[in-house]
1. Exactly one of these conditions fails for L85: (1) surrounded by 13 or more Cβ atoms within 10 Å (Cβ to Cβ); (2) farther than 26 Å from R106 by Cβ. Give me its number.
2. If you scan region 37-66, which residues turn out to be away from the ligand (no atom under 16 Å from the Cβ) and over 14 Å from M108 (Cβ atoms)?
3. Among the residues of region 119-139, write down those that are surrounded by 19 or more Cβ atoms within 10 Å (Cβ to Cβ) and either under 26 Å from T185 (Cβ atoms) or of a type in the set (F, W, Y) (or both).
4. Of everything in region 67-87 that's of a type in the set (D, E, K, R) and near the ligand (Cβ under 10 Å from one of its atoms), which residue is nearest to the chain's Cα centre (by Cα)?
5. In region 305-351, what residues are crowded, with 18+ Cβ neighbours inside 10 Å and of a type in the set (K, R)?
6. Among the residues of region 285-329, count how many are in a helix (DSSP H, G or I), under 16 Å from I348 (Cα atoms) and basic (K, R).
7. Go through region 135-171 and give me each residue that's in a loop (DSSP other than H, G, I, E, B), over 22 Å from H114 (Cα atoms) and touching a strand residue (DSSP E or B) at 6+ places or on another chain (Cβ under 9 Å).
8. Where the second residue is within 8 Å of the ligand (Cβ to nearest atom) and of a type outside the set (K, R) and the first is free of Cβ contacts under 8 Å to residues at least 40 places away in the same chain and within 13 Å of R58 (Cα to Cα) and lies in region 80-97, which pairs have Cβ atoms under 9 Å and are six or more apart or on separate chains?
Amino acid sequence: MCTDFTTDFIALSAFKVGSFEQVENEDWVIHLDPVSSATPCPVCQLPSTNHARPGRRRLWHRHVPGWRNVFVTVPTWRQRCDACLLTFTVDWPGIPVRGQVTDSFRRMCVARCHGRDIASVSREIGVKYSTLERWYYQEAEKLVPNAKEYHAPSAVCLDEFALQKGHKYGINLMDADTGHVWQVTPGRSGKQVQEALNAWPFTKPPKVVVTDLAPGMADTVKQVWPKSTVVADKFHVLQLFGKSLEARRKLHSASDNHKRGRHEQRLLHKEPDALKEEEQQELKEWLDKDPALKELHGSLQSLRAVYRNTTPEAGRAAFESWLQTYQWSTSNPVKRIAKTLLQWRDAIESYFLYRYTNAKIEGTHNKIKVLKRRAYGYRNLHRFALRIRLECKAA
Ligand SMILES: [Zn+2]
């Protein structure tokens, strides 16, 4: 890197580079001078005069990985306004009133924390963990999108997550089109879901709310937002079969053989078309020996086929016919699933009209998963919420 420090490199528009020096540990110190000496009084805006020049402040300004740190020094100017007799310290843009780092250094540190844990950034840059943590969350408050500056999303995903399994839960409200998380609130009970919806930062409720199949969820949404349409998340619907398939598989499976277990899972849970020919054959022979498993597996495949319909009319008709076929099934697990789906009938059929899936927001889900895995460090939901909202920002 060249040692010719330019005003561009420093990027503090109120200053020009005066001189620079390399100190003992080879970090650079750049002495900056104000571009203009005009310092209007903050009260009356009239020109002020020199009152005192008590010295210079040194601030950490840049950290260039694998290279050096760059510090700047800026003068402290005490000014006096002759009109209103006020004495004041000149507030330079980009230089905080207190502290030992510039605004842009703080922002850089905070930006480095995105998608990473704060502890590793703290070690990398050499800023104390508690300091960096404080900066991160102060900056986060300023950086998360403000609902006032955005149009109300027309579809949202209502999602629960565990901050600490069995202890702390949270509710996400996410724009179903952009994946931006607008709101994170505590709890998961019906009352807390209501509170979450009531706290929605937009005046207009969304037209569509995509939810999982938590009992009572649709009614809760309808109570707060009577005009919104609830769509049952397709992924959660299909997942209902997963648990039952696994339970049935484990009945007869040699549980001590991990590799065999994985193979069986693959055969059972994959879409049959995605299996190799010999795997398809193996699956067929297996299912022929276990009629209950065959019924369960078959009902899942036919529900997948229902979801492949492309018009609302055809989708609804196919789903109705699925219900007719399977609600009288001789297999108890299938009957149970059909009963659940019957309760969610409207919400499942609404999918065919709006076609919201979590495919578009998969990225957001993955980020939340990663953050959740690190969530042992989050004692307070507010911080976790900020972190999610900042990392899952609208594009
Ligand atoms: Zn004044």
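1. The failed condition is (1).
2. Just the residues of region 37-66 that are away from the ligand (no atom under 16 Å from the Cβ), to begin with: 37, 52-66.
Answer for region 37-66, where residues must be away from the ligand (no atom under 16 Å from the Cβ) and over 14 Å from M108 (Cβ atoms): S37, A52, R53, P54, G55, R56, R57, R58, G66.
3. Result: W135, Y136, E139.
4. R80
5. R316
6. 2
7. Result: Y150, P153, S154.
8. none
The values are calculated or read from the model by the stated rules, or taken from the named source; none is laboratory data. Since this is a predicted model, take the numbers as computed values, not measurements. A quick note on method: Cβ atoms are made from the backbone with ideal geometry, for glycine too, and the neighbour counts reach across all protein chains shown.
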